[in-house]
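See structure below.
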Amino acid sequence: MDSDKLMRTAQALVASGKGILAADESSPTIKKRFDSIDVESTEENRQAYRDLLFTTDGAEEFISGVILYEETLFQKGLSGTPFPELLSSKGVIPGIKVDKGAKPLAGSPNEKVTEGLDGLRDRLADYAKAGARFAKWRAVIDIADGEPTDYCLDVNAHALARYAALCQEAGIVPIVEPEVLMDGGHDLARCEAVTDATLIKVFEALKTQQVLLEGMLLKPNMIISGKKCGDQASVQAVAEATIRCLKRHVPAAVPGIVFLSGGQSDEVATAHLDAMNRLGPHPWQLSFSYGRALQAPALAAWRGKPENVEAAQKAYYLRAKCNGAAARGDYSDAMEKAA
């Protein structure tokens, strides 16, 4: 394991004012996104859409890395250049989603465990050869009556740590993503309690499996009210609760925390990140690893039509710029209105 290389890559991914584009939608997920704009999810259309994002002029000022889906990692852009090479030429680090999705947990079928450890060592070697320098694995933690169970937290933490150890062995920086879902009617306090319990288990497992904390990133949920909760917490309350939770459980050795947007609207996710950075300084860089919150306006503008590429790129660039500012605590509503 090349510790120095891992640490350099992890630090580059959370460079000041930069964050990560999650463009790793699975085939079923990208189909849903394309269905919403009446575009067929063919390999050709997926290639054209990802090319649109990756070739946006100037986005590299705010985007440090891109998480790719396996198909995309081995695809070429419209110019004929392999996507990892295209990204690297712009100073953007290519990454790869390596998990195989959340499946019902044996013995507790209402809960989920993420699969994909079988054969992962060999796959990581192939991904590294293709140009991937970091990876992502997502665990899904739902909040309901009596859930999550300790059993669910234990098995997901173990899998996250096993994945992380294998990544570092392969010279790839692991992004560890334990996502406490925002579905349901739980309030802010319940979300905080469950996230507390989740992070305790995750960092215990990472320590047990000798994961180098300086060579990984954490991709957690923010502490927010459930979608169905009648009392939606304010931006400031979300920021304060999230920072409080992270300071309790995330060692300062971790170089960065790159939040998931978790179904928040694009502007709200940006405002939350900005508010957290305004509460700094923090022991770790606070940035973003957004999918829908970076892509939604671009997807709506594109609608599968070549003549809309420029408008879609403009929409993506704006979201990247706004989130880059939020990662420094410099975001304002005026940035949205100026567009």
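The values are calculated or read from the model by the stated rules, or taken from the named source; none is laboratory data. Owing to the predicted nature of the structure, the values given are computational and were not obtained by experimental measurement. As a convention, Cβ positions derive from the backbone with ideal geometry for all residues, glycine included, and neighbour counts pool all protein chains shown.
Do any helices (runs of 4 or more DSSP H) lying entirely in segment 224-316 carry at least 3 residues that are aromatic (Phe, Trp, Tyr), out of contact with any Asp or Glu (no Cβ under 8 Å at 6 or more places or on another chain) and surrounded by fewer than 20 Cβ atoms within 10 Å (Cβ to Cβ), and which ones are they?
Details: elements: 235-249, 266-278, 292-302.
It comes to none.
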- Considering residues of segment 170-204 that are part of a helix (DSSP H, G or I) and touching a Ser or Thr at 6+ places or on another chain (Cβ under 8 Å) only, the residue surrounded by the fewest Cβ atoms within 10 Å (Cβ to Cβ): Leu188
- Note on the structure: Only one of (1) buried (at least 17 other Cβ atoms within 10 Å of the Cβ); (2) touching a helix residue (DSSP H, G or I) at 6+ places or on another chain (Cβ under 9 Å); (3) closer than 26 Å to Ser332 by Cβ does not apply to Lys219, and that is (2)
- Task: Just one of (1) in contact with a strand residue (DSSP E or B) (Cβ under 9 Å, 6 or more places away or on another chain); (2) surrounded by fewer than 23 Cβ atoms within 10 Å (Cβ to Cβ) trips up Cys167, so point out which.
- Result: (2)
- Taking only pairs six or more apart or across chains, which ones have beta-carbon atoms under 8 Å, a first residue in segment 171-189 that is in contact (Cβ under 8 Å) with a residue 24 or more places away in the chain, and a second residue that is of a type in the set (Ser, Thr, Tyr) and assigned to a loop (DSSP other than H, G, I, E, B)? Met182/Ser225; His186/Ser225; Asp187/Ser225; Leu188/Ser225
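This table checks each residue for (1) at pLDDT below 95; (2) under 18 Å from the mean Cα position of the chain (by Cα).
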position: Leu181; (1), (2): no, yes
position: Val202; (1), (2): no, yes
position: Gln210; (1), (2): no, no
position: Gln232; (1), (2): yes, no
position: Glu240; (1), (2): no, no
- Residue by residue through segment 212-223, note down the ones that are in a loop (DSSP other than H, G, I, E, B) and either under 18 Å from the mean Cα position of the chain (by Cα) or among the aromatic types (Phe, Trp, Tyr) (or both). Met216, Lys219, Pro220, Asn221, Met222, Ile223
- So which residues in segment 34-64 are over 25 Å from Ala327 (Cα atoms) and part of a loop (DSSP other than H, G, I, E, B)? Ser36, Ile37, Asp38, Val39, Glu40, Ser41, Thr42
- Query: For segment 286-339, what are the residues that are within 20 Å of the chain's Cα centre (by Cα) and among the aliphatic types (A, V, I, L, M)?
  - Reply: Leu286, Ala293, Leu294, Ala296, Ala298, Leu299, Ala315, Leu318, Ala320, Ala325, Ala326, Ala327
- What is the one condition in (1) buried (at least 18 other Cβ atoms within 10 Å of the Cβ); (2) within 25 Å of Lys129 (Cα to Cα); (3) touching a residue at least 60 places away in the same chain (Cβ under 8 Å) that Gly101 does not satisfy? (1)
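Over 24 Å from His186 (Cβ atoms) and either hydroxyl-bearing (Ser, Thr, Tyr) or touching a helix residue (DSSP H, G or I) at 6+ places or on another chain (Cβ under 7 Å) (or both): is that true of Ala132 in this structure? First the steps, then the outcome.
Working: over 24 Å from His186 (Cβ atoms): yes; either hydroxyl-bearing (Ser, Thr, Tyr) or touching a helix residue (DSSP H, G or I) at 6+ places or on another chain (Cβ under 7 Å) (or both): yes.
For Ala132, the condition - over 24 Å from His186 (Cβ atoms) and either hydroxyl-bearing (Ser, Thr, Tyr) or touching a helix residue (DSSP H, G or I) at 6+ places or on another chain (Cβ under 7 Å) (or both) - is met.
Yes/no per residue for (1) buried (at least 21 other Cβ atoms within 10 Å of the Cβ); (2) under 21 Å from Leu21 (Cα atoms):
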| site | (1), (2) |
| --- | --- |
| Asp122 | no, no |
| Gly131 | no, yes |
| Asp145 | no, no |
| Pro148 | yes, no |
| Tyr151 | no, no |
| Asp154 | no, no |
- Message: Checking the structure you have, find out if any residue of segment 166-176 is over 25 Å from Pro94 (Cβ atoms), modelled with pLDDT of 95 or more and of a type in the set (D, E, K, R).
- Response: no
